[in-house]
1. Pull up all non-local amide H partners of Ile90: gap of 5 or more, or a different chain, and H-to-H distance under 5 Å with H placed in the peptide plane.
2. Multiply the residue separation of Asp41 and Ser89 by 0.36 nm, subtract the distance between their alpha-carbon atoms, and state the gained length in nm to one decimal.
3. Using the Karplus equation 6.51 cos²θ - 1.76 cosθ + 1.60 (θ = phi - 60°), what ³J(HN,Hα) coupling, rounded to whole Hz, does each residue of region 47-61 give in order, writing x for Gly and Pro?
Amino acid sequence: MTTKSSANAEAYNVVVPAMSELELARLGGGEVAYIKTLTLDEAVQMFPMVEGLPKGVLLFSLHAADGTPIALTDTLQAAIGHAHEDELSIAPLH
């Protein structure tokens, strides 16, 4: 079944979210998180207290399902470890 709005979105190659950010946050309920790779500039915007990191380093941020930043690390393994310590399931980002 195709609705008028989804047909219009397809005609213009627009991605219509399957659920709103609020619905995603409720779905997570403190149990789901995701990990995002950040540049130093992105990390400083998201975590203003970060200082003194070398340019060019990739960082990994752990976020609650609603997007709230939880932790910033310099390795993917540390971000995964933090999620496991907090008993969070990691959802893949696409």
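Every number here is computed from the coordinates shown, using simple stated rules; none is lab data. Note that the structure is predicted; figures quoted are calculated from it, not measured.
1. Ala33
2. 14.6 nm
3. 10, x, 7, 6, 9, x, 7, x, 5, x, 7, 8, 10, 10, 10
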